[in-house]
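Here the structure comes first, spelled out in structure tokens, and everything after it is commentary.
The values are calculated or read from the model by the stated rules, or taken from the named source; none is laboratory data. Keep in mind the model is a prediction, meaning the values are calculated, not measured. Backbone-built Cβ (ideal geometry, glycine too); neighbour counts: all protein chains shown. Heavy atoms of the whole protein, side chains included, go into the accessibility calculation; ligands, DNA and RNA do not. Shrake-Rupley method; radii C 1.70, N 1.55, O 1.52, S 1.80 Å.
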Amino acid sequence: MNVGILGTGNLARALGRLWVDAGHSVLVTGRDPAHVAEAAEKIGAVPAESADLGSRVDVVVVAVAWSGLVEALTLVGADRGALAGTTVVDCTNPVDYATGEVLGPAAELVARTATGARVVKALHLFAGASWPWTGPAEQAPVVAICGDDPEALDRTSTLVEDLGGRAGVVGGLGAARQLEEAAGFVMRVVGSGHNPRFAVPDVDPALLRVPAAG
Ligand SMILES: NC(=O)c1ccc[n+]([C@@H]2O[C@H](COP(=O)([O-])OP(=O)(O)OC[C@H]3O[C@@H](n4cnc5c(N)ncnc54)[C@H](OP(=O)(O)O)[C@@H]3O)[C@@H](O)[C@H]2O)c1
């Protein structure tokens, strides 16, 4: 796949490096040319002009600070249709890490700003340093993802699997707010002095009968 990463920070570098290792062609862009050059070198990616990104890739992964989300999307022309038809994976956490307060929504904002893009919420919950998963496959992190476009969900699932994770499609893009709230929940549990790993129930889906929706 041709993967464009919007952002040059910690997450962009962690994911980008692993996708290069998995055989993807990775382009990176951002607002600061020096940061773009440095990140591209670290990742083994191609530095790209922001305005070109959309025309050169199948997927754009958004890995920027919540406060800069719209500005970053505008940089790549998303508001002018430059990402129309492109899979856009939003990894943003619209969360105050100190308090767990959710400041978003983020993915909805991406969908509103990036005209015609096929938006998926994914990869916001686990730290970049969680990857690659090298333990037993049946214990690999489950990355809950959501979106309205089946092809975009497939592409995102492939990228998750290339990190060693398991993708769990939990619904359409309307579920993104809940996934973003989950990040706030995680930070609130951390703030209480506990590991969020132990703050959710151990549920075997095979043993739990949930009535079908609708
Ligand atoms: N780090 C993780 O493990 C992790 C895991 C999951 C999700 N996330 C989420 O991923 C996003 C990035 O996190 P990070 O840890 O990589 O942060 P980071 O290292 O601080 O990098 C932030 C990136 O956002 C860019 N940015 C900030 N304001 C911008 C603006 N106004 N316009 C354009 N670009 C702007 C920065 O550009 P400059 O370099 O020019 O400042 C930089 O490339 C956040 O939303 C975070 O919640 C992070």
Residue 92 within 13 Å of the ligand (Cβ to nearest atom), in contact (Cβ under 8 Å) with a residue 24 or more places away in the chain, buried (at least 18 other Cβ atoms within 10 Å of the Cβ) and polar (S, T, N, Q): yes
Test: residue in the range 24-46 that is away from the ligand (no atom under 12 Å from the Cβ), surrounded by fewer than 24 Cβ atoms within 10 Å (Cβ to Cβ) and touching a residue at least 60 places away in the same chain (Cβ under 8 Å): yes
Criterion: open to solvent by less than 20 Å² (accessible area, probe 1.4 Å), more than 22 Å from residue 18 (Cβ to Cβ), in contact with a helix residue (DSSP H, G or I) (Cβ under 7 Å, 6 or more places away or on another chain) and at pLDDT 95 or above - qualifying residue of 103, 73, 109: 73
Test: residue 82 is more than 21 Å from residue 154 (Cα to Cα) and modelled with pLDDT of 95 or more: yes
Search result, residues across the range 154-172 that are of a type outside the set (Ser, Thr, Tyr), assigned to a helix (DSSP H, G or I) and open to solvent by less than 20 Å² (accessible area, probe 1.4 Å): 159, 160
Qualifying residue in the range 125-139 (condition: without any contact (Cβ under 8 Å) to a residue 40 or more places away in the chain, within 13 Å of the ligand (Cβ to nearest atom) and either open to solvent by less than 10 Å² (accessible area, probe 1.4 Å) or assigned to a helix (DSSP H, G or I) (or both)): yes
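Quick check: anything in the range 57-69 surrounded by fewer than 19 Cβ atoms within 10 Å (Cβ to Cβ), in contact (Cβ under 8 Å) with a residue 60 or more places away in the chain and on the phi < 0 side of the Ramachandran plot?
Start the filter on the range 57-69 by keeping residues that are surrounded by fewer than 19 Cβ atoms within 10 Å (Cβ to Cβ), which leaves 58, 65-68.
Those left that are additionally in contact (Cβ under 8 Å) with a residue 60 or more places away in the chain: 58.
Within this subset, residues satisfying the condition of being on the phi < 0 side of the Ramachandran plot are 58.
The answer is yes; a qualifying residue exists.
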